[in-house]
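Colleague: This is the structure I have questions about; it appears just below.
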Ligand SMILES: Cc1cc2nc3c(=O)[nH]c(=O)nc-3n(C[C@H](O)[C@H](O)[C@H](O)COP(=O)(O)OP(=O)(O)OC[C@H]3O[C@@H](n4cnc5c(N)ncnc54)[C@H](O)[C@@H]3O)c2cc1C
Ligand code: FES
Ligand code: FES
């Protein structure tokens, strides 16, 4: 179970290993503990579109829905693309804008189906 | 729009098989073809693989239906789900935590024994639960709505993206080419036979074309004059903030037209439907469905009232009049194969792909697949299945 | 009835704490020396007060049985019972903390590689993961039942979302045309401007923004044609409804015109340890000092790439915090006398549970500062979610919209975006008011 990551870790040169260790403590998306290392790694694996990178690393999907990480992910994507602005638009912004309690949306007479 | 497994560069000018749509159906079919030695295959998608319904669904898996046709097809799938992680060398996070179809009315309770008996007859193991057992299994349920249930212990859920990625990587390793960002504009024919597809990246020749285009599969059919009663329908779901584990199994409520489960992260994921189809291909979520969903889940799980919704999303499917998929060669167009009309196409994919690949490579239609042919819709011979969490307008 | 500011007590994990009614729960906890407010989701890293404005999700606590209450934006009432949510035996000492030695084994996607040939083991691992990693708490039945609200409908000519300086000015502008106006805002009207330094022009005089925001908020509240709701807009839906969820009601708004004045978000820095309790975003720092009136820090390093660095350093010094360095990551020179101005970058934020020291790389050397606050005062970004949603929803698909990383519209038929949400670089309430007037007139043209 741990062989593969360990091998990959050992194969790195001391300099890269050190920078990988630092990247692991650099949080891009604190909501889901997605680190700079995770983003670089997933990008290297081939998740090179904001929508697929999002699904591979869970950025944008935490309690803040990207309010904290959107800009940083954009910067990292731009850097990984080799500079400039990210080529692609950011992943979607879905309702609700801020988390809401389910109880706030209960609506007795507006329900469809057998339960109505 | 790349992912590990997606082919760089443009497609070649010809393949043995072109599959339109890199959803779970298209990718699983490609993988199963490759397993049978057909590796000169291209899967072409306008979006990223999994960008359609395959990456937006409720992840629920069962084979406990009531009809012979559904049960046998989905039982084959369920067996495959248990093998897939090892076979694809990718953990698809299949969680056989059980699948409970809840009974909330006396009428539903009364019907349970007959359904379970049919399931047993078709070789699917289920248990009929009484009110006390259901409440023990899912303690937070509203007792007024937890009168009984049918539990399939081997059912459950899997991670939808992981299933897509697992098939994608395995198919690519076996030699299949998968292209993203290429729109298939039409199917080409000569003398009534399929000759390939027209795409935004040029024509691709192929003797076999598989339509696994999900919501827009009907549009593709139109380009070769295949007229099937398919409609586009939107479905919506919500996900909440993570909470303590409170729901161990997948749960469907025909009474509420809802389905839900709790992820390993602790998020509650649930969707509900209303009678009749929401006929659109828009991916917007709607306010009335957000409220419908919240209201129904709070009714079933009163404590969820205090849990926060983080996000809602929508996906679209293509739907047939009997809600069963269409599997097989299109009537009148040799070489043009269909895996369309899926509303339970995530849980159905591993089995259907295996059958379809077998039919394409051997020319013989397996018995389990035969009832799902397109001709049934043209003849009005609909498959009757009573345990679906969806009802048509007329039936309600 | 007791009034704001009066001394009250509440229970925090069995202890009785004293606070001023109305100050945020987070500020009361930090005053009592609690810096770790929760644990992160996967590695169980300690987390604390970060953004101050109910944005980052780093401060969820359970209040009277209701989980997921943001401590930074929830006022102390007196008498409530507050608990942290994650960590065992406590958020302070979490035995599940994944050490830095273990973390390399768990990069994003590790779950797809683990146990792939041992389905049973995978399933078991998942259940275990759900117990340990899976967060928080489940609401008590009583707490859950208390969330039910009533729904009503409103059809204002203009709906302004966001009641900061720009939102208030826009609402006043729209109301001055005779339009009916609804204004939705989360938290105290006036928004981030209430805690900010700087000044803006208004009616011929230059006024400090904090005072101006308070004044405009008063005018908005007093205005007969403006209905103020404390809550959040859910979204702009395809039918044109913008539901607003407030404390005790839901209002389905069907505005003729929508004004987005959602302001800005602070942008975190990208350096090792950037999530440590004690690394706080600029507006969060200002709010703690100037709105909650609590000074939980003694020494600070300020990180900046714009003029906000000097502004925050000044605010901190005014509150009695020693600013040991201002680090300019863009190479600019600071102007403030007193603290050391360095051009460089943060090499690491260090400390076991909370921030103890900051390493700054300046050229070829690293300087270490002992400090308990690293104030991140980078250029903020527009809070563009609602404007983006407008665009996505209009297009019918969140995936078929071009327009780059932000791509939020600024002015479209039925929609206007003002202030920081529109990317304005300076506070310009007069401009916001002018947009409000135009929108009010537009609504009149549509509605009557
Ligand atoms: C909200 C929701 C919840 C659901 N819940 C469940 C569930 O719990 N269990 C379950 O089993 N099923 C569920 N489903 C249904 C299930 O998701 C679908 O049936 C299944 O994903 C269909 O897979 P597919 O590969 O056929 O289609 P899709 O995944 O939609 O893939 C089709 C692909 O074809 C591409 N495409 C289409 N047209 C073209 C073209 N002309 N050229 C190129 N590419 C094209 C699309 O981009 C897309 O990627 C749910 C669906 C939704 C929307
Ligand atoms: S920080 Fe990424 S979703 Fe919250
Ligand atoms: S949400 Fe409370 S500090 Fe950010």
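Bear in mind that the values in this text are calculations on the coordinates, not laboratory data. Note that this is a predicted model, so its numbers are computed, not measured. So basically every Cβ, Gly included, is an ideal-geometry build from the backbone, and we count neighbours across all protein chains shown.
Colleague: Report the FRET efficiency, 1/(1 + (r/R0)^6), for residue C:203 and residue C:92, where r is their Cβ-Cβ distance and R0 is 45 Å, rounded to 0.05.
Modeller: For R0 = 45 Å, the calculated efficiency reads 0.30.
Colleague: In the Gaussian network model of chain B, springs joining C-alpha atoms below 10 Å, which of B:190, B:103, B:305 carries the largest mean-square fluctuation?
Modeller: Maximum among the listed residues: B:190.
Colleague: Which one of C:251, C:259, C:366 has the biggest mean-square fluctuation once chain C is modelled by GNM with Cα springs under 10 Å?
Modeller: Top of the fluctuation ranking is C:366.
Colleague: Using the alpha-carbon centroid of each, what span in Å lies between segment C:23-37 and segment B:174-191?
Modeller: With segment C:23-37 and segment B:174-191 each reduced to a Cα centre, they are spaced 59 Å.
Colleague: While we're here: Per 10 Å bin from zero, what fraction in whole % of the C-alpha pairs of chain B is there, up to the bin with the longest pair?
Modeller: Over chain B, the share of Cα pairs per 10 Å bin runs 5, 24, 34, 24, 10, 2, 0 percent.
Colleague: So in chain C, what percent of DSSP beta bridges are antiparallel if you round to the nearest 5?
Modeller: 50
Colleague: Which of rounded, prolate, oblate describes segment B:265-343, given a ≥ b ≥ c as roots of the alpha-carbon gyration tensor eigenvalues and a/c under 1.5 marking rounded, otherwise prolate only if a/b is larger than b/c? Please report the intermediate quantities before stating the final value.
Modeller: On the way: a/c = 2.91, a/b = 2.72, b/c = 1.07.
Since a/c reaches 1.5 and a/b is larger than b/c, the shape of segment B:265-343 is classed as prolate.
Colleague: Ranking request for peptides B:134-145, B:22-33: highest mean number of other beta-carbon atoms within 10 Å first, then the rest in descending order. Spell out each step's value before the answer.
Modeller: Details: B:134-145: 16.2, B:22-33: 30.9.
Result, highest mean Cβ count within 10 Å first: B:22-33, B:134-145.
Colleague: Let me check the size of segment B:157-276 from its C-alpha atoms; what are the radius of gyration and Dmax in Å?
Modeller: Radius of gyration, then largest Cα-Cα span, for segment B:157-276: 19.8, 62 Å.
Colleague: Antiparallel as a % of all DSSP beta bridges within the protein assembly as shown, to the nearest 5?
Modeller: 60
Colleague: Still on this model: Please list, in order, the residues from segment B:90-113 whose amide nitrogen is less than 12 Å from a point placed 7 Å along the Cα→Cβ vector of residue C:117.
Modeller: B:90
Colleague: Return the FRET efficiency for the residue pair residue C:395, residue A:80: r is the Cβ-Cβ distance, R0 is 35 Å, and the value is rounded to the nearest 0.05. Don't skip to the end; give the middle numbers.
Modeller: Details: r = 27 Å, r/R0 = 0.77.
That pair, residue C:395 with residue A:80, gives E of 0.85.
Colleague: Still on this model: Give me the inter-chain shielding for B:289-301: mean count of other chain Cβ atoms within 10 Å, whole number please.
Modeller: Per residue, the number of nearby Cβ atoms from other chains is 6 on average.
Colleague: In 20 Å bins starting at 0, how do the alpha-carbon pair distances of the protein assembly as shown split up by percent?
Modeller: Distribution as computed: 14, 45, 34, 8, 0 percent.
Colleague: Right, another one. Please report how far the C-alpha centroid of segment C:217-290 lies from that of segment B:46-113, rounded to the nearest whole angstrom.
Modeller: 41
Colleague: What average count of beta carbons from other chains do you get within 10 Å of the Cβ of residues in B:309-319?
Modeller: Values: counts 9, 13, 12, 5, 4, 3, 0, 1, 0, 0, 0.
So the per-residue partner count for this stretch is 4.
Colleague: Using the Kirkwood radius over C-alpha pairs as Rh, can you work out the diffusion coefficient of segment C:151-239 via Stokes-Einstein at 10 °C, viscosity 1.306 mPa s, in µm² per second?
Modeller: Rounded, D is 118 µm²/s.
Colleague: Please give the per residue volume of the convex hull enclosing the alpha carbon atoms of segment C:7-145, rounded to a whole number of Å³.
Modeller: Enclosed volume per residue, from the Cα hull, is 131 Å³.
Colleague: Another question, if that's okay. What residues of segment C:233-276 lie in the reach of a label at residue A:19, counting those whose backbone N is under 18 Å from a point 7 Å from the Cα along Cα→Cβ?
Modeller: The answer is C:270-273.
Colleague: Could you work out, residue by residue across C:229-240, how many beta carbons of other chains sit within 10 Å of that residue's beta carbon, and then give the average as an integer?
Modeller: 5
Colleague: Right, something else. If you take the square roots of the eigenvalues of the alpha-carbon gyration tensor of segment C:279-377 and sort them as a ≥ b ≥ c, do you get rounded (a/c under 1.5), prolate (a/b over b/c) or oblate? Could you put the intermediate results ahead of the total?
Modeller: Working: a/c = 1.90, a/b = 1.25, b/c = 1.52.
Here segment C:279-377 falls in the oblate category.
Colleague: Taking the number of other C-beta atoms within 10 Å as the exposure measure, put B:60, B:1 in order starting with the fewest.
Modeller: Lowest count first: B:1, B:60.
Colleague: Using Cβ contacts closer than 10 Å as the measure, can you line up B:333, C:295, C:323 from fewest to most?
Modeller: C:295, B:333, C:323
Colleague: Taking chain B as a Gaussian network, where each spring joins two C-alpha atoms under 10 Å apart, which residue of B:157, B:94, B:246 fluctuates the most?
Modeller: In the Gaussian network model the winner is B:246.
Colleague: Based on DSSP, what percent of beta bridges with both residues in segment C:279-377 are antiparallel, to the nearest 5?
Modeller: Just about 40 percent of them are antiparallel.
Colleague: Also: Counting other beta carbons within 10 Å of each Cβ, put B:160, A:107 in order, fewest first.
Modeller: A:107, B:160
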